[in-house]
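> Take a look at the following structure, please.
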Amino acid sequence: MKVDILTLFPEMFPGYLNRSMLQRAQNAGFLQVKLHNIRDYARGKHRVTDEAPYGGGGGMVLKPQPLFAAVESVLDGEDIAFKSIPVILLTPQGRTFSQDIAEELAGEERLVLICGRYEGVDERVREHLATDEISIGDYVLTGGELAAMVIVDAVTRQIPGVLGAEGAAERDSYATGLLEGPQYTRPEVFRGWAVPEVLLSGHAARIEDWKRQQALRRTWRRRPELLLKTSLSEEDKRFLDTLTPEDVLKAGNEDVPGG
Ligand code: 6GU
């Protein structure tokens, strides 16, 4: 996949993108990221990229000209005319990013991501340049740069072959539709807190059942609405039936963050 990122701050990206899984994905040819400084496409001696809004109201608005010029330089006219390549404006007003959207975008050969600034982007960019608008959640960020990195990360994990262990992406929280249950590593006892005995039993089937039940319990306690959207076996349902509201109270909400 080839991703072009249009931003006023290209220097924000390499520290995240050129490490770990994203670095390996690029070295192995699964991912190619090109950063484009919007300012390079602005006209005039001062290369102005934003100006005060018409009608007042304060703040600054990204001008359409540098953004259109940048996209037109990155894509050819046909791609733009036929909207064959997603041009995604990152803005708090966009549709909320999710694992489903990550999977959808992983099917594309190319993406163009435009990092907006929080004060605004000229409406003609939305109407006549962007093919999609995405937000990463209900809070306000200073700009779309973090959102672009979030999207590149989540999408790259979905590209077949990127994750080493076969099926690792399928096992992720949200991909299974359940939250992941607890995990432990060495030592067996840390400051008096022991690893659950079943995990040391070497009994593969019992361990798998336990992990599934832990994931079901944690999802039921923290994000019960996810259970309505995922596919559950008869065994899953029987296990969930054993969980009661009292069970949560008795557990002192140990499974709820801050609970
Ligand atoms: Cl994509 N941009 C900004 N500025 N704030 C956000 C966002 C994007 N997603 C959530 N908050």
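> Name the residue farthest towards the positive end of the dipole of the chain from the options PRO160, ALA69, LEU22, assuming +1 on Cβ of Lys and Arg, -1 on Cβ of Asp and Glu, about the Cα centre.
LEU22
> Please name which of MET149, PRO224, LEU89 has its Cα lying farthest along the dipole of the chain towards the positive end, using unit charges on Cβ (Lys, Arg +1; Asp, Glu -1) and the Cα centre as origin.
Farthest along the dipole direction, towards plus: MET149.
> Now, a different point. Among DSSP beta bridges whose residues both lie in the chain, state the antiparallel percentage, nearest 5.
On the way: 5 of 26 bridges.
Counting DSSP beta bridges with both partners in the chain, the antiparallel share is about 20 percent.
> If you don't mind, another one. Treating each Cα of the range 103-202 as an identical point scatterer and ignoring solvent, apply the Debye formula and state log10 I(q)/I(0) at q = 0.16 Å⁻¹.
For the range 103-202, the Cα-only Debye profile gives -0.89.
> Which value, in debye to the nearest 20, gives the size of the charge dipole of the range 70-184 about its Cα centre, when Lys and Arg are +1 and Asp and Glu are -1 at the Cβ? Intermediate values should be presented prior to the final figure.
Working: 8 positive and 22 negative charges, 42 e Å.
Dipole magnitude for the range 70-184 comes out near 200 debye.
> Taking H as built 1.01 Å from N, whose amide H comes closer than 5 Å to the amide H of VAL121, not counting residues under 5 places away?
Here LEU62 satisfy the definition.
> Further question: Label points 7 Å out from Cα along the Cβ direction at ARG95 and GLN23: separation in nm?
Between ARG95 and GLN23, the simple spin-label model gives 3.5 nm.
> Here's a follow-up. Enumerate the lysines that LYS237 could reach by cross-link, defined here as Cα to Cα under 25 Å, with residues fewer than 8 away along the same chain left out.
Excluding near neighbours in sequence, the set is LYS211, LYS229, LYS250.
> Okay, next question. Express in % the proportion of alpha carbon pairs of the chain at distances exceeding 34 Å.
Working: 11888 of 33411 pairs.
Every Cα pair in the chain considered, those over 34 Å come to 36 percent.
> What's the local net charge at GLY58, with K and R +1, D and E -1, over the other residues with C-beta under 14 Å away?
Values: positive: ARG117; negative: ASP50, GLU51, GLU119.
In short, -2.
> Hey, another quick one. If you look at just the Cα atoms of the range 1-75, how large are its Rg and its Dmax in Å?
In order Rg, Dmax, the Cα atoms of the range 1-75 give 15.6, 50 Å.
> Sticking with this one: Which aspartates and glutamates have a Cα less than 12 Å from the Cα of LYS2, not counting those fewer than 8 places away in the same chain?
Within the straight-line limit of under 12 Å, LYS2 reaches these aspartates and glutamates: GLU108, GLU109.
> Return the distance in nm (one decimal) between the two label points of a simple spin-label model at ALA69 and THR185, each offset 7 Å from Cα along Cα→Cβ.
4.9
> In the range 176-251, with Lys and Arg counted as +1 and Asp and Glu as -1 at Cβ, which of these residues, GLY181, GLN213, VAL198, has the Cα nearest the positive end of the dipole, that is, farthest along it?
GLY181
> Please turn the phi angles of the range 86-95 into ³J(HN,Hα) values with the Karplus equation 6.51 cos²θ - 1.76 cosθ + 1.60 (θ = phi - 60°), one per residue in order, whole Hz, x for glycine and proline.
Each residue of the range 86-95 in turn: x, 10, 9, 8, 8, 7, x, 8, x, 5 Hz.
> Charges at C-beta only: +1 for Lys and Arg, -1 for Asp and Glu. How large is the resulting dipole of the range 2-156 about its Cα centre, in Debye rounded to 20?
Values: 15 positive and 23 negative charges, 113 e Å.
Result for the range 2-156 is approximately 540 debye, rounded to the nearest 20.
> Helix by helix, which DSSP H runs in the chain go 18 Å or more along their axis at the Cα atoms and have an average Kyte-Doolittle hydropathy of 0.0 or more? Don't jump to the answer; show the numbers that get you there.
On the way: long enough: 145-157 (19 Å, 1.23); 204-222 (27 Å, -1.77).
In the chain, the long hydrophobic H runs are 145-157.
> Considering all projection directions equally, how large on average is the shadow of the alpha-carbon convex hull of the range 2-156, in square nanometres? Mind showing how you got there, number by number?
Details: hull surface 38.1 nm².
Taking the Cα atoms of the range 2-156, their convex hull projects to 9.5 nm² on average.
> Something else now. Along each of the three principal axes of the Cα atoms of the range 176-251, give the extent in whole Å, ordering the values from largest to smallest.
Rounded to whole Å, the extents work out to 37, 28, 19 Å.
Values in this text are rule-based calculations from the coordinates and carry no lab data. Being a predicted model, the structure only gives us computed values, none of them experimental. As a convention, Cβ positions derive from the backbone with ideal geometry for all residues, glycine included, and neighbour counts pool all protein chains shown.
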